[in-house]
Amino acid sequence: MDVPGGQGRQLIKLVAAAGGRLTADAVMESLWPETEPDLSANRLRTVLNRLRESAGDVVIREPGLLRLGPDTRTDTMTFEQHARRALALAAQRSREAVSSARAALAHYRGDLLPDDPYEPWAVAARERLRRHALALLDLCAASAASAGDLDEAVRCLERAIEMAPDEEERYLGAARHLLTQGRRGAARAMVARARRVLSELGLSAPASMLELEQQVR
């Protein structure tokens, strides 16, 4: 598939980030803000024609709507589909939730569209997918801890910490697991990391952190 650069590629990104469907008005507002509607409509028609000529039916237009073609799939769409299923299973306390969560995480490639760090439409989608991934990692960590696999629980929490380094509760959870394993030095270092996070945010340590600091000394 030969996808052109410029607005054709940006159009695909927009529709994919929205989950595969997006109104034509939203696309035009993102690509050509503060442009007359008739001019935006003409530009959109041109971009779609060029995209179809070069790459086929990657994006299909319906009345008032643009969607990805039936043969177009992305890791993002697959991840979100599996993530929602896993979280729904978790809400039902299904035993399949963790395996579904792991399957979903296999499709998570990190932050969405890192080459578009400040586009509002990309920021919203990026945060939505990150929150899904964090919820899945928390689910896997809790399941591993319940099964007594504290190494796996810590690995899941560490991965979540890399994605959301300013959320101190996961540091404390990992520290508790390390302390249970008798790894006092590693637990102490984890609590210290959490303390630094709060310090950088200008926040006071909660009672749970103060208690844990006493335990790891």
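The values are calculated or read from the model by the stated rules, or taken from the named source; none is laboratory data. Every value quoted in this text rests on a predicted model; they were computed, and no experiment measured them. Please note: Cβ atoms are built from the backbone with ideal geometry, for glycine as well, and neighbour counts cover all protein chains shown.
A few comments on the model shown:
- Pairs meeting the criteria (first residue in segment 130-156 and free of Cβ contacts under 8 Å to residues at least 60 places away in the same chain, second residue surrounded by fewer than 21 Cβ atoms within 10 Å (Cβ to Cβ) and part of a loop (DSSP other than H, G, I, E, B), beta carbons under 7 Å, at least 6 apart or on different chains) are ARG130/ASP111; LEU134/ALA164; LEU150/GLN181.
- Subset tally (residues that are out of contact with any Leu (no Cβ under 7 Å at 6 or more places or on another chain) and either surrounded by fewer than 16 Cβ atoms within 10 Å (Cβ to Cβ) or in the same structural domain as VAL154 (by TED's automatic domain parsing) (or both)) for segment 180-189: 4
- Unmet requirement for SER54, which otherwise passes all of (1) in contact with an Asp or Glu (Cβ under 6 Å, 6 or more places away or on another chain); (2) closer than 30 Å to LEU136 by Cβ: (2)
- Exclusive hit being under 30 Å from ARG102 (Cα atoms), out of contact with any His (no Cβ under 6 Å at 6 or more places or on another chain) and modelled with pLDDT of 90 or more, set GLY64, GLY69: GLY69
- Residues of segment 53-64 that turn out to be of a type in the set (D, E, K, R) and surrounded by 15 or more Cβ atoms within 10 Å (Cβ to Cβ), as a count: 1
- The sole residue among ALA91, ALA104 that is within 18 Å of the chain's Cα centre (by Cα), in the same structural domain as ALA153 (by TED's automatic domain parsing) and of a type in the set (A, V, I, L, M, F, W, C) is ALA104.
To keep it simple, each residue is scored yes or no on (1) outside any loop (DSSP other than H, G, I, E, B); (2) buried (at least 17 other Cβ atoms within 10 Å of the Cβ); (3) assigned by TED's automatic domain parsing to the domain that holds GLU127.
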| position | (1), (2), (3) |
| --- | --- |
| GLY19 | no, no, no |
| THR35 | no, no, no |
| ALA41 | yes, no, no |
| THR46 | yes, no, no |
| LEU51 | yes, yes, no |
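- Out of ALA144, ALA192, ALA174, sole residue that is surrounded by fewer than 16 Cβ atoms within 10 Å (Cβ to Cβ), of a type in the set (A, V, I, L, M) and over 30 Å from GLU29 (Cα atoms): ALA192
- Counting residues in segment 100-120 that are within 30 Å of TRP32 (Cβ to Cβ) and aliphatic (A, V, I, L, M) gives one or more.
So that you can scan it fast, the table gives a plain yes or no per residue for (1) surrounded by fewer than 17 Cβ atoms within 10 Å (Cβ to Cβ); (2) out of contact with any strand residue (DSSP E or B) (no Cβ under 6 Å at 6 or more places or on another chain):
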{"site": "LEU66", "(1), (2)": "no, no"}
{"site": "GLU80", "(1), (2)": "no, yes"}
{"site": "GLN92", "(1), (2)": "yes, yes"}
{"site": "GLU96", "(1), (2)": "yes, yes"}
{"site": "TRP121", "(1), (2)": "no, yes"}
{"site": "GLU152", "(1), (2)": "yes, yes"}
{"site": "CYS156", "(1), (2)": "no, yes"}
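- Here GLN215 meets each of (1) surrounded by fewer than 17 Cβ atoms within 10 Å (Cβ to Cβ); (2) out of contact with any helix residue (DSSP H, G or I) (no Cβ under 8 Å at 6 or more places or on another chain) with one exception, condition (2).
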